[in-house]
Each structure stands twice: as C-alpha cells, then as structure tokens.
Number of protein chains: 2
Amino acid sequence: MSFGEPLKIGSTIGILGGGQLGRMLALRAAELGFDVHIYDPEPDCPAGRVAARCISAPWDDLAALRDFASHVDVITFEFENVPHESLSHLAALKPVRPSQKSLEQTQDRVIEKTFINGLGLATASYAPIIDVEDLTQAAEDVGFPAILKTNRFGYDGRGQVRIKTEADLIAAWEGLDQVACVLEGFVDFVCEVSVVLARSQSGATQIYDCVRNVHKAGILHTSHVPSGLSDELEAAARSAAQQIADALGHIGVLAVEFFVTPQGDLVVNEIAPRVHNSGHWTQDGCITCQFEQHIRAVALWPLADPARHSLAMTMQNLIGSEINTVPTLIADPNVSLHLYAKRSARPSRKMGHFTRVKRVALGVK
Amino acid sequence: MSFGEPLKIGSTIGILGGGQLGRMLALRAAELGFDVHIYDPEPDCPAGRVAARCISAPWDDLAALRDFASHVDVITFEFENVPHESLSHLAALKPVRPSQKSLEQTQDRVIEKTFINGLGLATASYAPIIDVEDLTQAAEDVGFPAILKTNRFGYDGRGQVRIKTEADLIAAWEGLDQVACVLEGFVDFVCEVSVVLARSQSGATQIYDCVRNVHKAGILHTSHVPSGLSDELEAAARSAAQQIADALGHIGVLAVEFFVTPQGDLVVNEIAPRVHNSGHWTQDGCITCQFEQHIRAVALWPLADPARHSLAMTMQNLIGSEINTVPTLIADPNVSLHLYAKRSARPSRKMGHFTRVKRVALGVK
C-alpha cells in the first residue's frame, strides 16, 4: 500500500451528505483552516450553510459528482449509505477516505455480520431473507423473538420490526415490500455500549472512552461516560473495535455498538464506518473530538489526544418536538448545547443534542 | 431600558467583519443552530467561507448595508473600528449588540482613557495631539520615554512609535501623517494581564480566569492561564473589568488589558469591546468559550459556564511565516490547533493559534 501525502494547509475537503454529521465535520474542518464543500441532494441542508460551497444534486448525477470532485482535494462522507456507484465514480477522480472497503463490509447487514463473525467476534444469530422460501428456514434457524431488519439503508430504527411468530414474520416482510432482509435473533442484554475510535492511514489508532447508550424507540437517547463497565470488559470492547478497524484498513472515525449480555459477554450489534451519535459527547468532554479526529485522519494528518478532560458526561439527543425544551436548556449553565439548524422538527428527527459535564474540582485558581 | 426577546432557534446573526474573529464567532453560532451572514469589504474573507451568506461591499455602501440588515435578526461585529456612520445606519434597521456606546467609548484612545479615569481606574499618563502646537505641551505633561499612538484605528502595534525625545516626537507625528494622536507615558510593568468577560442584557456577567500575556513587536504572542497573579490582584482586575462593562451597559464579550506595575498596581492599557485574542484559550480550556458567550449575549440567550476544565493552558499565536511550523504542531498530540484559512501569510499577519493544555489526572476510568 502506498501512502498519500498529508493535505496542505488550506486545502478543500469534500463531504458527501449535508446533515448534522456533515455539519459538525465541516465546523471542525474549518477550525483546522480547511475549506469544505458539501454534496447533498437536499438544497438548504444543515451542512451547506456552514460550507464554502454546497452542490445540491441527486446521487446519480455524474456531471455534478465530477464538478464536486474537481474542486476538492479529498472526499469523505457523513453516512454509510452513499450509493456504491457514486462512490466508485468519485474514487476514480479523487481520494475517498475511508475507502470503499469500509462501506462494502458495513452497508449490508449480512455481509457485515459475516465479516464480524469471521474475526471471531460474536453477533446475534441471523438468517438472510431474499425471497419467500427463506422465511420458514430463517424462522427455524433464528427462532423467536427476533427482529426483522432491511438488509440495507436502515437507520435510527427504521426498517426494523419485532417478530414473535412466523405469521408476524410473513406480515412484516410484506410490510417491508419484500426487500432483502435479515432476521436477527433477539439478544438478551443488560446494557448497550459503544466504542468510537479514529484510525489513521498508518494504522495508528486513538480510542475514546467506552460509552453506555440508552435507546428509545430505536433511536439513541442518552450516552453516558464513564460506561460503568469493568476494566476487563471495556478493554475487550476496545480491542474488538480496534480489530474491526484494522481488518477494514479503515481511515477515519469508526464506531462499534455492542450488547453486553447478562453473562458479561460482548455481542457486536453494528458497525458505523463514520462519526457516530454516541461520540458526540467528545465535543464537550475531550481534548480532541471525534469530528476533528476524522478530519485529521482523512487529511492524513496525525491524530490528536482523545483523552477525557472531565469526570463524567451525559449526552442526550433532542428528537423532534424535544427541540421545544431549548429555552430551559439554555438557562442551565451546566448544559453544553448543539443545534443542527434543521428547518422543521418532524417526529423522530434529530434536531440537536446537549451534554451535561461533571467537572473536576480543580482546587487551584 | 426595554429588554428585547431572546432570538428564536434558527435565527440569523449578522457579523460585521470577516476575519478570524468573525470566523470563530460564526463557527460557534453554527453550533448553536444559528445561520450567519458576514459583511466584509474583502471578498473571500475567512468568515465568509463558513457562513450561509457573505456580502462583500465597502463600509459606506448603504444599499449593501440595508440588504445585509434586511436578512438578519441581530447584528454584531468582530472589531471596534466599524465606521460610526455604517453602524448608525444599521442600528436604525436591526438591533446592533453591543450598542454604539461600547464603541464610542473605545474607538478613540483619548475618549477611552477619559472614560476609564472617570471610573477611578488608572491609565498611563496621556496627552492628546491634534495639531502641531500640542507637541510641546504633551512632551511636558507626559515626559519621556513615551509612546505616540494614532488616536483611532490602531491594532496589533500598528500606528505606534516609541519616543525618547521631543525631536523623536515631531518626526514620529509627521511619520503618522499628523493625524490625531495621543502621547502616552511609558508604564513600567512587571507583566501584562487581561480579563475577558461576557455580559448579558440583564447585566449578568461571566468572567474568565485572568490571563498573563506576552507581546512581541506589539503583537500578542502567548497567553498563560493561570495568570500567576495573587488572588487579591486577580480579584481587583476582574472587578475593574466588571466596572467597565457595567458602565458601558455592554452586551457581549469585552476584554480589558492591564499592566501590573512593580508596586503591584493595575493600570488599564486598553479596552476591546469584543472577543479578544487573549481569550482564545477558552476554546480549549473552558466549558464554554468566549465566542459562544458572545453569541449567547447578542442573541439575548443566558450566558453559560465559563469555568476552566483543565489545570493550565498556554495559547500561542502563529504570526506570518510561523504558519510553517504547522507540520510539527499537528504531530504533537498535546497541541490543539486553530487555523484561520487566510490565503497568504504576510508578515505580522495572524494565521492561527494553538494551545497546550495541562490536563487534570482524572484518576478514574
């Protein structure tokens, strides 16, 4: 593998996707003196309004993609569902980091689970469902209760249905328009945790403190640091995440979500080959946040210090109408607030987040 | 005085001036979900590239100023030398915060010193020089050594000449094109410190830890926190800064620079009615940085926690060709870097800054 050169000061970074993750990436890139161009089908997207340029065009507009690529020095993305063809087209024109391997292994739930199991790491039991004949076999292999998930393009609990019987399964699959799915066995867990790390081209890795996550209705609600895991389990989670990032040859930030079973085992739930909601606390709790680490990694700049500077943090999302609590939140001096500048607060839409930080008593002036 | 309403979520903040201070204000405004419009005569200015809109027009272009005002909800500025007429024009159209009083008392060195002395606070001895007849009297009143400064529009040591004799004084004043000047007596000092605070419309004030500053060639070079001042002197500096902000009815961030004399007295050097270079450390060292506090104040949102979260910080500017040290700085994991995206590195131009943070040993996972 040949190594690229670090991006020059003042270079331009192209970001695919202009939602809140693209916006927060753009803001940190700007702190490092980079210009940012955004590509997103949505005009007036949150990231476009903090970028030097925003191209609004469909993902399959090859001329727009070429235009985008011709004005940037490196391309990255805020989400793993960028169409494969768009990315291939761009990768022929400019470096794309992380590379397509990181996407290929994580865009498709069956491929992802096969990859994870191949590393000797546990996942839920699962069975692919491509056509109607697969339903009975899947029910037999996985058992109930289970969760039916679309194989691709799911996020924040969308494209997921809980299943208790084979009749449920048939109905649910029809409700999902009979697209390719995976039936996952239900994992009994005491908590969910995640590890966010950054990995550079050279393989150097910086891992953030493990996070304990609480979901509501399939969407991340709160993240807590420290996680409360034992040292041993936290070390195992960090090690598993590192193993996954190394196997992908990942460049950039990557998050791994785990279930912790009552027996104290770790089961990998999902890999996100990008900055992740459960890493948002790092903006307010760490020397260097996940967004800056990602920009450094894709710029081929060395990673910086991910250490936590405060005792404890809780990050909480503002979903849909929870944005209406902002007047209360801004009056609380212990709240650090981040809003995403989305024009309307649809239900289950992430509108912002906030952290509460428990500071160290410095005991010095 | 009637109080305004807090800015609504997703409002637009207009910033006059698109340099690094405008850029860092814009980035923090974006974190709070605001849109930002920049007004700066310079096309391609640093802040314009992180804003939703940038108007490049001269300060006296009334149509452009009207256009700017008509698309924003509140107007603020990154520097105190915005022409008075432009600001009056804008203030008739939209709220401008801080108000003109903060500028009127600080744009002109003679007015500023009169204002400070009027509060019972010490300044250097000084004498105004308007025409040639004033030179002898000023020399007599102030004595030598002294510093001749242009009365307005000076920054970063520009428009300042050290004076040892009356012949020096005459030559220097001619060198400054005989504009209105002030002759300031030289203050013998052991160190220079500054206090940065934020004050809200209601008068609530949050004051950052005092900073010890080292200048080189008239430009701030490094800022150190803690300052090393005695508790008593630090309290006096904070109290003086608060007194100044209150007397101005200031809304937003304000910085006061002091000399500390060998006798342990404080002498006010300058007031900056805006975010200040000696407050840049707060980005990496505090729960809430000066840029966010300023945005909160001008949005009429409550101020947040200014507390320091780490033991000690040193902030250092990157001036001119010092930008070439960036490859070394980014390889140091203890350095937090901020670059301003200026297109060329002219001598004595501020290109960026970095902090080194001494963290607390958490002693916990």
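Nothing in this text is a laboratory measurement; each read-out follows from the coordinates by a stated rule. All figures in this text were calculated on a predicted structure; none of them were measured in a lab. All Cβ positions, even for glycine, are placed from backbone atoms using ideal geometry, and neighbour counts span all protein chains on display.
Region B:331-365 to region A:299-347: how many Å between their Cα centroids? Region B:331-365 and region A:299-347 have Cα centres spaced 23 Å from each other. Each copy carries residue A:327; placing its label point 7 Å along the C-beta direction from Cα gives inter-copy distances of 5.5 nm, listed from smallest up.
Net charge in the neighbourhood of residue A:208 (other residues with Cβ under 10 Å of its Cβ; Lys, Arg +1, Asp, Glu -1) is +1.
Across the identical copies, the label point of residue A:231 (7 Å from Cα in the Cβ direction) is separated from its matches by 3.7 nm, in order from shortest.
Based on the Cβ-Cβ distance of residue A:177 and residue B:321, what FRET efficiency does E = 1/(1 + (r/R0)^6) give at R0 = 60 Å, to the nearest 0.05? Calculated transfer efficiency: 0.45.
So for region A:189-239, Kirkwood radius off the Cα pairs, Stokes-Einstein at 37 °C and 0.692 mPa s: how many µm² s⁻¹?
Values: Rh = 12.0 Å.
Answer, rounded: 274 µm²/s.
Given 25 °C and 0.890 mPa s, how large is the Stokes-Einstein diffusion coefficient of the protein assembly as shown in µm²/s, with Rh as the Kirkwood radius over Cα pairs? This corresponds to a translational diffusion coefficient of 89 µm²/s.
Starting from the 7 Å offset along Cα-to-Cβ, what nm value, one decimal, do you get for the label separation of residue B:358 and residue B:246? It works out to 3.4 nm between the two label points.
The magnitude of the dipole of the protein assembly as shown, with charges of +1 and -1 set on the Cβ of Lys/Arg and Asp/Glu and taken from the Cα centre, is near 400 debye.
For region A:85-194, what is the charge dipole size about the Cα centre, in debye to the nearest 20, if Lys and Arg each add +1 at the Cβ and Asp and Glu each add -1 at the Cβ?
Computed charge dipole of region A:85-194: roughly 640 debye.
Taking amide hydrogens as placed 1.01 Å from N in the peptide plane, the amide H of residue B:270 sits under 5 Å from those of B:257, each at least 5 positions away in sequence or on another chain.
Pairs exceeding 32 Å between alpha-carbon atoms, taken from A:8/A:216; A:358/B:101; A:164/A:350: A:8/A:216; A:358/B:101.
The Cα trace of region A:210-365 gives Rg and Dmax of 16.6, 47 Å, the first to one decimal, the second as a whole number. Less than 5 angstrom separates the built amide H of residue B:54 from those of B:38, all sequence-distant by 5 or more or on a different chain. Of the GluC sites (Glu not before Pro) found in region B:1-81, none is in coil by DSSP with at most 16 other Cβ atoms within 10 Å of its Cβ.
Please sort through the DSSP H helices of chain B and keep those with an alpha-carbon extent of at least 24 Å along the long axis and a Kyte-Doolittle average not below -1.0. Working shown, then result.
Details: long enough: B:231-248 (26 Å, -0.09).
Those that clear 24 Å and a mean of -1.0 are B:231-248.
Between residue B:79 and residue B:141, the simple label model (points 7 Å from Cα in the Cβ direction) yields a spacing of 2.9 nm. For chain A, set up a Gaussian network in which alpha carbons nearer than 10 Å are linked by springs, and say which option among A:128, A:46, A:58 fluctuates the most. Its mean-square fluctuation being the largest, the pick is A:58.
Please report how far the C-alpha centroid of region B:68-125 lies from that of region B:202-241, rounded to the nearest whole angstrom. With region B:68-125 and region B:202-241 each reduced to a Cα centre, they are spaced 22 Å.
Spin-label pair residue A:94-residue B:122: with each label point 7 Å from Cα along the Cα-Cβ axis, the two points sit 5.8 nm from one another.
Both the radius of gyration and Dmax for region B:141-233 are 17.0, 51 Å, in that order, over alpha-carbon atoms.
Going 7 Å from Cα along the Cα-Cβ axis for the label, what nanometre distances separate residue B:88 from the same residue across the other copies? Ordered by distance, the counterparts are at 6.7 nm. Rounded to the nearest 20, the size of the Cβ-charge dipole of region B:291-365 about its Cα centre is 120 debye, with Lys and Arg at +1 and Asp and Glu at -1. Kindly provide the Kirkwood hydrodynamic radius of region B:277-352 in Å, to one decimal, from all pairs of distinct alpha carbon atoms. Taking every pair of different Cα atoms in region B:277-352, averaging 1/r and inverting gives 14.0 Å.
Determine the sum of side-chain charges near residue B:110: Lys and Arg each +1, Asp and Glu each -1, restricted to other residues whose C-beta is under 11 angstrom from that of residue B:110. Mind showing how you got there, number by number?
Numbers: positive: B:109, B:113, B:149, B:152; negative: B:108, B:112, B:184.
For residues surrounding residue B:110, the net value is +1.
Shown for region A:1-113 is the translational diffusion coefficient from the Stokes-Einstein equation, using the Kirkwood radius over Cα pairs, a temperature of 10 °C and a viscosity of 1.306 mPa s: 112 µm²/s. Helices in chain A, meaning DSSP H runs of at least 4 residues, each add -39500 (n - 2.57). Divided by all residues, the mean residue ellipticity at 222 nm is -7500 deg cm²/dmol.
Computed with the Debye formula from one identical point scatterer per Cα of chain A, without solvent, the log10 of I(q)/I(0) at q = 0.08, 0.09, 0.14, 0.15 Å⁻¹ comes to -0.40, -0.51, -1.27, -1.44.
Which value in Å is the Kirkwood Rh of region A:50-176 over different Cα pairs?
Details: mean 1/r = 0.0583 Å⁻¹.
Kirkwood radius, region A:50-176: 17.1 Å.
Under 12 Å from a label point 7 Å along Cα→Cβ of residue B:101: give me every residue in region B:248-267 with its amide N that close. Of the residues in region B:248-267, B:248-251 have backbone N under 12 Å from the label point off residue B:101.
Can you give the extra length, in nm with one decimal, that the chain gains between residue A:265 and residue A:165 once fully stretched, where that is 0.36 nm per residue apart less the Cα-Cα distance? Walk me through the numbers before you get to the answer.
Working: separation 100, 0.36 × 100 = 36.00 nm, distance 2.71 nm.
Using 0.36 nm per residue and subtracting the Cα-Cα distance, I get 33.3 nm.
Taken as Cα centroids, region B:1-35 and region A:261-287 sit 32 Å apart, rounded to the nearest whole angstrom. The mean sequence distance of close C-alpha pairs (under 8 Å, at least 6 residues apart), as a share of the length of chain A, puts its relative contact order at 14 percent.
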